[in-house]
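Worksheet: one structure, shown below.
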Amino acid sequence: MNQETENQRKLLSVVVSVYNEEQALKAFYQKAKAVLEGLSWDYELIFVNDGSVDGSEGILEEFARNDKQVKIISFSRNFGHEAAMIAGMDYSQGDGVVCMDADLQHPPECLEEITAAFEAGDQVINMVRTRNQDAGMVKNITSRGFYWLINTISDVHFEPNASDFFAVDRKVAQVMKNSYREKVRFLRGYVQNVGFRKKNLYYEARPRVAGHSKYSIRKLMAFSVNTILCFSNMPLKLGIYAGMFSALLGLAVMIYTLFTREGAPSGYATIVVLICFMFAMLFVIVGIIGEYIAILFTELKDRPVYIVAETINIPEENRGKSSEKA
Ligand code: UDP
Ligand code: MG
């Protein structure tokens, strides 16, 4: 290959978040490498080690020693999948950046279609799951419920079944890096709502090659609540609706009392039920406001989204200025 064609080749950055994936990493690396070598693009394979406590770090270091296209960003502790993806994007150099899981649920074969879409001028490529072999019925139903809710109450549109397998071009990656530095984040949501030329590609999610899902039900719940609060102010308005509802209820009870002229002592049950109901409503609303305040507080404290302990095969100048204070 002569110098000129080499310069013309575009660079694809593949960002892979890794948290305790020692059993899956080798299979992933082999598969990804085989696909990447066959592409008409150059590539860099960025593994973000999100504070793994198993043998993942050693395995990654070994990859990086033998393969300069493998780059490693190691966090000082576990910061979560979202932080890992954003760090990968911050450090990436490619004309296109792909985020994917290390467990082969996101098939590396799709990279070929992704580069083709970039070449056709698409800038945001959503990989939409057609079938998730690992997800049970409960996960499918709750996921559908979540997307219905968020699409109903927020003014942005979320693609149901869009996974955290997506690709963006350099321009969009730069927008993510410079303008979406929120602490409580939902990267997938931003990517779908920045505009630019979008394309959906479809893939069938495979079973995990090894290991188990790192998202517990509790983590998923917390994540869903945060996402709803970050993308919608609707829950804050519940207080107004609840206030109007109580006013109407009060009016109805008043009219009823006036017309039936019931003696005061017989209304005990009504009073107790009404008080419980009203207090319940009040506490829920106070709780919702509390959640928003918690988010405001987190943003205000401005702590870093991730802290990098070490990088391998990444030149100093490639570090994003704001990468650590992100
Ligand atoms: N992951 C991470 N940090 C975490 C949890 C997960 O970097 O705190 C990585 C994990 O190693 C995997 C990807 O994020 O590559 C997605 O996680 P997982 O496969 O467990 O989620 P699922 O596919 O079941 O939704
Ligand atoms: Mg997975």
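The values are calculated or read from the model by the stated rules, or taken from the named source; none is laboratory data. It should be emphasised that the depicted structure is a prediction, and the values quoted were computed from it without experimental measurement. No Cβ is skipped: glycine too gets one built from the backbone with ideal geometry, and neighbour counts run over all protein chains shown.
Points worth noting:
- For the stretch 50-59, filtering for residues that are away from ligand 2 (no atom under 16 Å from the Cβ) and in contact with a helix residue (DSSP H, G or I) (Cβ under 7 Å, 6 or more places away or on another chain) leaves 1.
- Where Gly195 falls short, out of the listed (1) out of contact with any Pro (no Cβ under 7 Å at 6 or more places or on another chain); (2) surrounded by 13 or more Cβ atoms within 10 Å (Cβ to Cβ): (2)
- Restricting the stretch 207-257 to residues that are within 16 Å of ligand 2 (Cβ to nearest atom) and assigned to a helix (DSSP H, G or I), the residue that is surrounded by the most Cβ atoms within 10 Å (Cβ to Cβ): Phe223
- Checking each residue in the stretch 30-48 for being within 16 Å of ligand 2 (Cβ to nearest atom) and in contact with a strand residue (DSSP E or B) (Cβ under 9 Å, 6 or more places away or on another chain) picks out Ala32, Phe47, Val48.
- Residue within the stretch 168-176 that is of a type in the set (A, V, I, L, M), loosely packed, with under 15 Cβ neighbours inside 10 Å and either closer than 25 Å to Leu229 by Cα or touching a strand residue (DSSP E or B) at 6+ places or on another chain (Cβ under 8 Å) (or both) present: no
- Test for Val184: is it assigned to a loop (DSSP other than H, G, I, E, B), more than 17 Å from Gly121 (Cα to Cα), at pLDDT below 85 and in contact with a Leu (Cβ under 7 Å, 6 or more places away or on another chain): no
- Screening the stretch 1-115 for helices (runs of 4 or more DSSP H) wholly inside it with 3 or more residues that are within 14 Å of ligand 1 (Cβ to nearest atom) returns the ranges 25-37, 56-66, 81-91.
- Within the stretch 264-293, residues that are touching a residue at least 24 places away in the same chain (Cβ under 8 Å) reach partners that are of a type in the set (Ser, Thr, Tyr) and assigned to a helix (DSSP H, G or I) with beta carbons closer than 7 Å, at six or more positions or on different chains, in the pairs Met278/Ser246.
- Here the condition is being surrounded by fewer than 18 Cβ atoms within 10 Å (Cβ to Cβ) and within 16 Å of ligand 2 (Cβ to nearest atom); of Glu182, Glu204, it holds for Glu204 alone.
- Residue in the stretch 124-144 that is buried (at least 19 other Cβ atoms within 10 Å of the Cβ), at pLDDT 90 or above, under 27 Å from Lys33 (Cα atoms) and not acidic (Asp, Glu) present: yes
- You will find that of Val225, Val253, Val209, the residue that is touching a residue at least 12 places away in the same chain (Cβ under 8 Å), among the hydrophobic types (A, V, I, L, M, F, W, C) and within 13 Å of ligand 1 (Cβ to nearest atom) is Val209 and no other.
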